[in-house]
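Visitor: Below are the structure tokens for one structure; questions will follow.
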Amino acid sequence: MAMDELYREVILDHFENPRNKVKPESFEAHEHGSNPLCGDKVDLYLTFEDSKLKEISFQGEGCSISQASISMLTEITEGKTFEEIEAIMKDFKGMMLEDQPNPFEDDDELEDLSSLEGVKKYPVRIKCALLGWNTLAEAIKKHRT
Ligand code: ZN
């Protein structure tokens, strides 16, 4: 199977079977994000513990790229420290915005993020892929200040 096709299937799988897509009964913080250009929306529900993201889930609607990226984000960041999350965000944004090489390809835990690399060929869709990440960054910033 060609890589492009494989990546499309990864995105479609997250879009059709989103992970952690639920509004929990209790949460500590809520952050809303939107991408008016495409009509993407996300609500993140978060619980923190010390300097960790203990729990994350979401509700959202929009295009497959935005929603798949958010689904991946919740799987990857739950249980991680803020420093670990910031390092992953930096790598992800580097890949999407700065033409840095894909750092996720041989990483068992993060390899789903590789599937979004092709999106950077379509500049208007980069905002879709980054929506959840920017929303999480904002929530963590608020929590830490
Ligand atoms: Zn979109």
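Bear in mind these aren't lab numbers, they're just calculated from the coordinates by the rules spelled out. Every value quoted in this text rests on a predicted model; they were computed, and no experiment measured them. Quick reminder, even Gly has a Cβ in these numbers, built from the backbone with ideal geometry, and neighbours come from all protein chains shown.
Visitor: Between Lys54 and Glu111, what is 0.36 nm times their sequence separation minus the Cα-Cα distance? Round to one decimal in nm.
Guide: Extra length available between Lys54 and Glu111 comes to 18.3 nm.
Visitor: Also, I was wondering about something else. Can you sort Met89, Met72, Met95 so the residue with the fewest Cβ neighbours within 10 Å comes first?
Guide: Met89, Met95, Met72
Visitor: Enumerate by residue number the GluC sites (Glu not before Pro) in the stretch 1-94 meeting two conditions: DSSP loop (anything except H, G, I, E, B), and at most 10 other Cβ atoms within 10 Å of the site's Cβ.
Guide: Glu25
Visitor: Would you mind getting me the FRET efficiency between Ala2 and Glu84? Use the beta-carbon distance for r and R0 = 30 Å, nearest 0.05.
Guide: It comes to 0.40.
Visitor: Only Cα pairs under 8 Å and at least 6 apart count here; give the relative contact order of the stretch 1-80 as a rounded whole percent.
Guide: 33 percent
Visitor: Taking the Cα of Glu28, stepping 7 Å toward and past its beta carbon, and measuring to each backbone N in the stretch 36-54: which are under 20 Å?
Guide: Correct set: 43-54.
Visitor: Related question: In whole angstrom, note down how far apart the Cα centers of the stretch 5-35 and the stretch 40-84 are.
Guide: First find each Cα centre; the distance between them is then 7 Å.
Visitor: Normalised radius of gyration for the chain, please: alpha carbon Rg relative to 2.2 N^0.38 Å, two decimal places.
Guide: 0.98
Visitor: Starting from the alpha-carbon convex hull of the stretch 68-145, give the projected area averaged over all orientations, in nm².
Guide: Averaged projected hull area, Cα only: 5.1 nm².
Visitor: What relative contact order, as a whole-number percentage, does the stretch 3-144 give when Cα pairs under 8 Å and 6 or more residues apart are counted?
Guide: Dividing the mean separation by the residue count of the stretch 3-144 yields 27 percent.
Visitor: Can you tell me the 0 to 90 degree angle between the C-alpha axis of helix 64-77 and the longest principal axis of the chain, rounded to 10?
Guide: On a 0 to 90 degree scale, this one is about 50.
Visitor: Still on this structure, I have one more. Can you list the HN-Hα couplings for the stretch 37-53, worked out from phi with the Karplus curve (6.51, -1.76, 1.60; θ = phi - 60°), rounded to whole Hz and with x for Gly and Pro?
Guide: My calculation for the stretch 37-53 gives 4, 10, x, 7, 9, 8, 10, 9, 10, 10, 10, 10, 8, 6, 9, 10, 8 Hz in order.
Visitor: Here is a further query. Using the alpha-carbon atoms, what tilt in degrees (0 to 90, nearest 10) does helix 82-97 show relative to the longest principal axis of the chain?
Guide: Taking Cα atoms only, the helix is inclined about 30 degrees.
Visitor: Once phi is turned into ³J(HN,Hα) by the Karplus curve 6.51 cos²θ - 1.76 cosθ + 1.60 with θ = phi - 60°, what whole-Hz value does each residue of the stretch 139-145 show in order, with x for glycine and proline?
Guide: 5, 5, 4, 4, 5, 7, 10
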